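**Student:** Supplied in structure tokens, the structure appears directly below.
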Amino acid sequence: VYDIAQDKKGNLWIATADGLNKYDGYTFTVYRHQQHNQASIQSDHIRSLFVDNESNLWIGTASGISQYDSKKDVFKPYIINAQINDIIQITDSVLYVATSNGLYAFSKNTTKYSPLTIENSLNQSCQSLAKFNDLLFVGTTNGLYMSIVGNMNLVPFRKELMGKNIM
């Protein structure tokens, strides 16, 4: 199990290396990629889950984000050539996405990814994200970094964490 989230209906969503599991309090439903079904989840390898402020479930997979449409019980894929490790919401319309290829902004309005220009280039995989007030924390394969949201001048958070894989 890589991640767990709860939606507004009380369903528990469980991210695993073998699909996405939903537990409604009584039964499990397992969602797996179906090769010829564009409305299926885009990968069985699920790394992260995030419920945004509009109660949308976002699923980070080995090849991009999928958004779950609960009314139709289908997924909308937004493909990127990277593994999605974490997702957080920065504004109503922007998600930050930690990937194996760095940090990206994902616009919910345009459904496009934009690489974030980072002054102190990380040159490593971004593993985890956290936002507290106006501070952004980025866990990487080489330590924990901090910045003011929107500034993107990342600085090491603590020297003793440098060289550590922060997941």
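**Student:** Averaging sequence separations of C-alpha pairs under 8 Å and six or more residues apart, then dividing by the length of the range 68-109, give the relative contact order as a whole percent.
**Tutor:** Normalised by residue count, the contact order of the range 68-109 is 27 percent.
**Student:** Give me the three principal axis extents of the range 65-167 from the C-alpha atoms, as integers in angstrom, largest value leading.
**Tutor:** Cα spread of the range 65-167 along its principal axes, largest to smallest: 48, 23, 20 Å.
**Student:** For the chain, report the accessible area per residue in Å² (1.4 Å probe, heavy atoms, rounded to an integer).
**Tutor:** Working: 8920 Å² over 167 residues.
Solvent-accessible surface per residue comes out at 53 Å².
**Student:** Counting only residues 5 or more places away or on other chains, whose amide H sits under 5 Å from the amide H of residue 74 once H atoms are built in the peptide plane?
**Tutor:** Hits under the 5 Å cutoff: 69.
**Student:** What residues of the range 58-95 lie in the reach of a label at residue 107, counting those whose backbone N is under 17 Å from a point 7 Å from the Cα along Cα→Cβ?
**Tutor:** Taking a point 7 Å out along Cα→Cβ of residue 107, the residues of the range 58-95 whose backbone N falls under 17 Å are 78-80, 90-95.
**Student:** Starting from the eigenvalues of the Cα gyration tensor, five times each then square-rooted, give me the equivalent ellipsoid semi-axes of the range 6-108, largest first, whole Å. Intermediate results must be reported in sequence, preceding the final value.
**Tutor:** Details: eigenvalues 81, 54, 29 Å².
Listed largest to smallest, the semi-axes of the range 6-108 are 20, 16, 12 Å.
**Student:** Where in the range 66-90 is the amide nitrogen less than 20 Å from a point lying 7 Å along the Cα-to-Cβ axis of residue 34?
**Tutor:** 66-79
**Student:** Semi-axes of the equivalent ellipsoid for the range 8-59, please: Cα gyration tensor eigenvalues, times 5, square-rooted, ordered largest first, whole Å.
**Tutor:** The answer is 19, 14, 10 Å, longest axis first.
**Student:** From the phi of every residue in the range 21-29, what ³J(HN,Hα) in whole Hz does the Karplus formula 6.51 cos²θ - 1.76 cosθ + 1.60 yield, where θ is phi - 60° and glycine or proline is x?
**Tutor:** 10, 10, 10, 9, x, 10, 9, 9, 10
**Student:** Counting only protein heavy atoms and a 1.4 Å probe, tell me what percentage of the chain's accessible area is made up of carbon and sulfur. Present the calculation step by step, with values, prior to reporting the outcome.
**Tutor:** Working: 4260 of 8920 Å².
The C+S portion of the solvent-accessible surface of the chain is 48 percent.
**Student:** What does the net charge come to around residue 44 if you take all other residues with beta carbon closer than 12 Å to its beta carbon, with K and R at +1 and D and E at -1?
**Tutor:** Numbers: positive: 32, 47; negative: 18.
Value of the local net charge: +1.
**Student:** Mind listing the long-range amide H neighbours of residue 65? Cut-off is under 5 Å, sequence gap 5 or more, other chains count too, H placed in the peptide plane at 1.01 Å from N.
**Tutor:** Placed amide hydrogens put 78, 80 under 5 Å from residue 65.
**Student:** Normalised by the number of residues in the range 19-162, what is the relative contact order in percent for Cα pairs under 8 Å and 6+ residues apart? Mind dumping the intermediate values first?
**Tutor:** On the way: 326 pairs, mean separation 17.5, N = 144.
Once divided by the residue count of the range 19-162, the mean separation gives 12 percent.
The values are calculated or read from the model by the stated rules, or taken from the named source; none is laboratory data. Note that this is a predicted model, so its numbers are computed, not measured. We place every Cβ from the backbone using ideal geometry, glycine too, and count neighbours over all the protein chains shown. Ligands, DNA and RNA are excluded from the accessible area calculation, which covers all protein heavy atoms including side chains. Shrake-Rupley method; radii C 1.70, N 1.55, O 1.52, S 1.80 Å.
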